[in-house]
Amino acid sequence: MKVCVIGAGSSGIAAVKALHQRGFDFDCFEASDRVGGNWVFKNRNGMSSSYRSLHINTSRERMEFSDFPMPATYPDFPHHTQVAAYFDAYVDHFRIRDRITFETLVTRAEQRADGGWDVTTDRGDTRRYDALIVANGHHWDPRWPEPAFPGSKDFAGVQMHAHEYTGDDPELFRDRAVVVLGMGNSAMDIAVESSFVARRTFLAARRGAWIIPKYVLGRPMDSFPWSARVPIGVRKRVQAATLRLAVGDMERYGLPKPDHPFGGAHPTVSDDILSRLAHGEVEPKPNIAALGERTVRFADGSEEEVDVVVYCTGYKVTFPFLDADLIAAPDNDLSLFRRVFHPEIRGIYFVGLLQPIGAIMPLAELQSQWICDHLAGRYVLPPPHELRADIEAERAAMFKRYVRSKRHTMEVDFEDYVLGVKQERRRGARRAAAA
Ligand SMILES: Cc1cc2nc3c(=O)[nH]c(=O)nc-3n(C[C@H](O)[C@H](O)[C@H](O)COP(=O)(O)OP(=O)(O)OC[C@H]3O[C@@H](n4cnc5c(N)ncnc54)[C@H](O)[C@@H]3O)c2cc1C
Ligand SMILES: NC(=O)c1ccc[n+]([C@@H]2O[C@H](COP(=O)([O-])OP(=O)(O)OC[C@H]3O[C@@H](n4cnc5c(N)ncnc54)[C@H](OP(=O)(O)O)[C@@H]3O)[C@@H](O)[C@H]2O)c1
């Protein structure tokens, strides 16, 4: 049995560590010269979406791997340099750096008739594997507005995607009029940064969001210990009440009233944006309707002279090395059993391809252990009809709860996901024993 891992970001290194410790024969190919993926600012792979000021928005203890705590000297929300250093230390601590082949891009992964995989890299060689673990990340391929706004071709100013924003060019926003589009975390950070130097900063959005501060009652908002046994409705109600006490209604800041209940969208976390709105340094606007040569017209008919538009409109989930007829995620939607197993295609596993309310890393660690169980024959999947029913039930619940959007196709609740995988691993172990 030989396994191939694609990518050595935080998800890939979790997979590598699990495979290494459990004695599997494997290769891991990483396009960059180092681990850490998105957290390596200006990563030479060109795929990082980090900007100079980026700090995590899931707290340190939420994000760290279970058996390798982040240094106690780190703040609750470390800077990206600290996060990258932590992943670097992780591979040294577990002595897995030499298990990763760096500066090697996987260009093609094709399933053979016998179910194995032929993996080709940009070094020109093709190797055979029995299984493929895909950990190529899902926040590197920018999604621009689809379709583009009318007039965007004629706009004479700067149009850019958040992915390109590094925060390194002090002149980009200085004394200019800037429109930041979106209500996710990229939009919050970039609008705040713009507001300190720009002449005017407009935050445009097609819907409102419940903006969650990083700290509530003196501690990180995501550090309150919730059990998955407490019904999600109760958890959401308590969190919504806490948020209301902490920041009040979004309309008080001039933002649109969210068109969904609290918990109906991926969390937008920012301490600073509400203050910048309250100071009038960020001006809320509805969605962009059209661009002129020097202007942006908004959905309420208002029009502003604008120099720079930053589209913080999210990312596409893509696997450029896979045959798109076999596996693709149109509109970011790829059905998987508990976000790991493909329902039809065996021998392929996904790690980190989920959007938790909470951090990705401990979940990637759990997924990696689960994959090793399956590879070792210690876990057997449920029969196909049960597997399909499980996927459908999970999808139905997610689509019912979340606003319909390309950003809500793989949302999971951290505690519930952990509990569900643990239970499923036990069920699958019993199936394996019976078989
Ligand atoms: C600005 C920003 C801030 C974020 N903040 C948080 C946060 O605070 N908390 C949180 O939990 N999540 C956050 N995220 C989500 C982010 O996806 C995760 O933090 C994390 O980066 C996921 O790790 P990953 O390994 O799955 O993907 P990545 O970090 O993207 O790593 C993927 C790796 O795969 C490699 N790779 C890709 N394709 C190939 C190929 N074909 N061949 C070889 N190698 C390949 C890449 O070089 C890269 O090293 C943030 C995302 C963004 C964009
Ligand atoms: N650590 C941090 O502080 C930090 C910072 C940045 C990003 N991140 C993470 O990185 C990931 C990506 O975040 P993101 O903010 O870049 O993207 P995102 O979460 O996908 O948000 C995209 C935003 O753009 C809007 N949008 C998309 N297409 C649009 C269109 N055509 N017209 C108008 N609005 C449109 C979306 O609105 P709808 O909701 O209506 O679709 C949404 O508000 C998330 O996991 C996020 O948590 C973290």
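Looking for whichever is surrounded by 21 or more Cβ atoms within 10 Å (Cβ to Cβ) and without any contact (Cβ under 8 Å) to a residue 24 or more places away in the chain here; the options are ASN57, ASN43. Which one fits?
Every option except ASN43 fails the conditions.
I need every pair where a residue in region 176-188 that is under 14 Å from ARG207 (Cα atoms) has its Cβ under 8 Å from the Cβ of a residue that is near ligand 2 (Cβ under 6 Å from one of its atoms) and part of a strand (DSSP E or B), sequence separation at least 6 or different chains.
Here the result reads ALA187/LEU181, each pair linking region 176-188 to a residue that is near ligand 2 (Cβ under 6 Å from one of its atoms) and part of a strand (DSSP E or B).
Residue-wise test of (1) within 16 Å of ligand 2 (Cβ to nearest atom); (2) surrounded by 17 or more Cβ atoms within 10 Å (Cβ to Cβ).
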| site | (1), (2) |
| --- | --- |
| SER227 | no, no |
| VAL230 | no, no |
| GLY248 | no, no |
| ARG252 | no, no |
| LYS257 | yes, no |
| GLY280 | no, no |
| ALA289 | yes, yes |
| GLU304 | no, no |
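So, ASP114, is that one assigned to a helix (DSSP H, G or I), loosely packed, with under 14 Cβ neighbours inside 10 Å, free of Cβ contacts under 8 Å to residues at least 60 places away in the same chain and of a type outside the set (A, V, I, L, M, F, W, C) or not?
Here the answer is no, as ASP114 does not meet what is asked.
Being away from ligand 2 (no atom under 16 Å from the Cβ) and under 25 Å from the mean Cα position of the chain (by Cα) is true for just one of LYS214, LYS236. Which residue is that? Reasoning before the result, please.
On the way: LYS214 fails: away from ligand 2 (no atom under 16 Å from the Cβ).
Selected residue: LYS236, the only one of LYS214, LYS236 that is away from ligand 2 (no atom under 16 Å from the Cβ) and under 25 Å from the mean Cα position of the chain (by Cα).
For LEU419, indicate whether it is at pLDDT 95 or above, in contact with a Pro (Cβ under 9 Å, 6 or more places away or on another chain) and either within 16 Å of ligand 1 (Cβ to nearest atom) or in a helix (DSSP H, G or I) (or both).
Values: at pLDDT 95 or above: yes; in contact with a Pro (Cβ under 9 Å, 6 or more places away or on another chain): no; either within 16 Å of ligand 1 (Cβ to nearest atom) or in a helix (DSSP H, G or I) (or both): yes.
Against the criterion (at pLDDT 95 or above, in contact with a Pro (Cβ under 9 Å, 6 or more places away or on another chain) and either within 16 Å of ligand 1 (Cβ to nearest atom) or in a helix (DSSP H, G or I) (or both)), LEU419 does not qualify.
Exactly one condition in (1) at positive phi; (2) within 14 Å of ligand 1 (Cβ to nearest atom); (3) not aromatic (Phe, Trp, Tyr) is false for LEU54; which is it?
(1)
Determine the pairs where a residue that is outside any helix (DSSP H, G or I), located within region 228-242, has a partner that is surrounded by 11 or more Cβ atoms within 10 Å (Cβ to Cβ) and among the aromatic types (Phe, Trp, Tyr) with Cβ atoms under 9 Å apart, the partner being 6 or more residues away or on another chain.
So the pair list comes out as ALA228/PHE414; ALA228/TYR417.
One residue is enough: does region 198-210 have a residue meeting the conditions away from ligand 2 (no atom under 16 Å from the Cβ), among the hydrophobic types (A, V, I, L, M, F, W, C) and either part of a helix (DSSP H, G or I) or modelled with pLDDT under 95 (or both)?
Taking every residue of region 198-210 in turn, none turns out to be away from ligand 2 (no atom under 16 Å from the Cβ), among the hydrophobic types (A, V, I, L, M, F, W, C) and either part of a helix (DSSP H, G or I) or modelled with pLDDT under 95 (or both).
Filter region 249-274 down to the residues that are more than 19 Å from GLU61 (Cβ to Cβ) and part of a strand (DSSP E or B) and list them by number.
Hit for region 249-274 is THR268, nothing else.
Scan region 317-330 and tell me whether some residue there is modelled with pLDDT of 95 or more, among the β-branched types (Val, Ile, Thr) and not in a loop (DSSP other than H, G, I, E, B).
Scanning region 317-330 turns up no residue that is modelled with pLDDT of 95 or more, among the β-branched types (Val, Ile, Thr) and not in a loop (DSSP other than H, G, I, E, B).
Taking ALA89, is it part of a helix (DSSP H, G or I) and either on the phi > 0 side of the Ramachandran plot or among the aliphatic types (A, V, I, L, M) (or both)?
Here the answer is yes, as ALA89 does meet what is asked.
Please work out which one of (1) touching a Phe, Trp or Tyr at 6+ places or on another chain (Cβ under 8 Å); (2) in a helix (DSSP H, G or I); (3) not hydroxyl-bearing (Ser, Thr, Tyr) is the condition ALA246 fails and give its number.
(1)
Name the pairs whose Cβ atoms lie under 6 Å apart, with the first residue in region 267-294 and more than 30 Å from LEU354 (Cα to Cα) and touching a residue at least 60 places away in the same chain (Cβ under 8 Å), the second of a type in the set (Lys, Arg) and surrounded by fewer than 21 Cβ atoms within 10 Å (Cβ to Cβ), and 6 or more positions between them or separate chains?
Close Cβ pairs satisfying both conditions: ALA289/ARG297; ALA290/ARG297.
Regarding region 58-75, can at least one residue be identified that is part of a loop (DSSP other than H, G, I, E, B), within 8 Å of ligand 1 (Cβ to nearest atom), closer than 20 Å to PRO142 by Cα and of a type outside the set (Phe, Trp, Tyr)?
Checking region 58-75: not a single residue is part of a loop (DSSP other than H, G, I, E, B), within 8 Å of ligand 1 (Cβ to nearest atom), closer than 20 Å to PRO142 by Cα and of a type outside the set (Phe, Trp, Tyr).
Out of region 269-304, which residues are closer than 29 Å to LYS214 by Cβ and in contact with an Asp or Glu (Cβ under 6 Å, 6 or more places away or on another chain)?
PRO286 - this is the single residue of region 269-304 that is closer than 29 Å to LYS214 by Cβ and in contact with an Asp or Glu (Cβ under 6 Å, 6 or more places away or on another chain).
The values are calculated or read from the model by the stated rules, or taken from the named source; none is laboratory data. Owing to the predicted nature of the structure, the values given are computational and were not obtained by experimental measurement. Don't worry about glycine lacking a Cβ; one is built from the backbone with ideal geometry, like all the others, and counts go over all protein chains shown.
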